[in-house]
1. Using modelled amide H (1.01 Å from N, peptide plane; none on Pro or chain starts), what sits under 5 Å from the amide H of L354, excluding residues fewer than 5 places away?
2. Output the Cα-based Rg and Dmax of segment 266-313 in Å, rounding Rg to one decimal and Dmax to a whole number.
3. Can you give the alpha-carbon Rg of segment 158-228 over 2.2 N^0.38 Å, where N counts its residues?
4. List the residues, sorted by chain then number, that are 5 or more residues from H115 or on another chain and whose placed amide H is less than 5 Å from its amide H.
5. So which trypsin sites (Lys or Arg not before Pro) in segment 179-256 pass both tests, a DSSP loop state and at most 13 other Cβ atoms within 10 Å of the Cβ?
6. Full-extension gain between D31 and E286, please, as 0.36 nm times their residue separation minus the C-alpha to C-alpha distance.
7. Are there any GluC sites (Glu not before Pro) in segment 1-58 that are in a DSSP loop and have at most 14 other Cβ atoms within 10 Å? List them by number.
8. For segment 273-349, state which trypsin sites (Lys or Arg not before Pro) are in a DSSP loop and have at most 16 other beta carbons lying within 10 Å of their beta carbon.
Amino acid sequence: MDRIEDAALVVEEGRIAWMGRRADLPVAWADAERVDGGGAWATPGFVDPHTHLVFGGDRSGEFNRRLHGVSYAQIAAEGGGIRETVRATRAATVAELVEAAEGRLEELRSRGVVHLEAKTGYGLDLEAESRQLEAYAALKAKGWNLDVTLLPAHDIPTEFAGDAERYAALVATEWLPELVRRFPGLARYGDVFIEKGVFTVEQGRRIFLAGKALGLTPRVHADELSWTGGAELAAELGGASADHLMFCSDSGMKAMAATGVTPILLPGTTLFLGMRDWAPARKMIEAGCAVALASDFNPGSCPCLDPLLILRLGCLQLRMTFEEAFTAMTLHAARSLGQPDLGHLQVGARAEVLLWDLKDPLELVYWVGGSFLPRRMNVTS
Ligand SMILES: [Zn+2]
């Protein structure tokens, strides 16, 4: 993470054409239209590489019950938890899903997020998963910058209770091909929640391989509540990322480092669930991994649209340096999404520039409750 004091940055056709000390600005651009940054710090915009953006309803009622001492297991046994979101998502129209998601996207944008990954996974039947994709297609058509991930294997729907094997086979052989046929080119990634009591590594491998044959690169919900070998599977399959990883093994870290899988850590979820097992970010960095951070924005375990909270948790709980955490939310996040021209400010990068009115970017973490909002650099041409 380099710093340039008293800098100038030239934008041409939405991309950075030059950057350096203002005194060194080439004469070719001496007459260019100028935007005064007012002494702010310019940084790349945040990229959020793991969200569950589109869903119906919310789970504030369940959250309140948890505050009153009811366990998640009890809530789930009564048909609540993720099933409540599945019911609300199945009942929602595409227009309702789009409207709710757009409010969330506006909030994220105001806080400096310029691009995000977003998953399906609250339909858990073909038509409801398809409606989530329809919502993502509509949001992209409105100009929102999204990378879409197919996640029908987010949970085992009630209709398939006790038969994960049959559900995994159906997703692999029928739903993924049909969803890709209905929305060609929309989804770039496939995801599976590999966890004890949900999907096994073997079931995950089957779904991921079916997705890869359709052009969907794996991103894996891995090693969140227990070690299951999800990170190792992501490495084996040439995945883009393994996400959560609170219980990742040493060999999983080595495998990710060796194969270029991005570990994406989601500390907002650990916080919101009141867990104590923070992902071992330091060990992953020492193992040679390019760690990324994400919000995991979702209605059950992390209803958080604040990138600064994630940045702060990266520093304060995952013990990353400020530079590591900021890089994790920009450069490494963008790379995990195959977006090489986002997440950094260098010649050729897209000019998604945030302006922070601070003496030093470190203040974003240091003033720990501060509600800093970036300005966007508005360039007319
Ligand atoms: Zn997730």
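1. T43, G45
2. In Å, with Rg to one decimal and Dmax whole: 11.3, 33.
3. Values: Rg = 12.2 Å, N = 71, 2.2 N^0.38 = 11.1 Å.
For segment 158-228, the normalised Cα radius of gyration is 1.10.
4. Counting only residues 5 or more places away or on other chains, the set is D48.
5. Numbers: sites: R181, R182, R188, K196, R205, R206, K212, R219, K254; in loops: K196.
Counting only loop positions with at most 13 other Cβ atoms within 10 Å, the trypsin sites (Lys or Arg not before Pro) in segment 179-256 are K196.
6. Working: separation 255, 0.36 × 255 = 91.80 nm, distance 4.72 nm.
That pair, D31 and E286, stretches by 87.1 nm at full extension.
7. Numbers: sites: E5, E12, E13, E33; in loops: E5, E13, E33.
In loop regions of segment 1-58 (DSSP not H, G, I, E or B), the sparsely surrounded GluC sites (Glu not before Pro) are E5, E13, E33.
8. Working: sites: R276, R282, K283, R312, R319, R335; in loops: R276, R319.
When the trypsin sites (Lys or Arg not before Pro) of segment 273-349 are filtered for loop state and at most 16 Cβ neighbours within 10 Å, R276, R319 remain.
Readers should treat all values here as calculations from the given coordinates under stated rules, not as data from a laboratory. These numbers come from a predicted model, not from an experiment. Cβ sites come from the backbone with ideal geometry, for glycine too, and all protein chains shown count toward neighbours.
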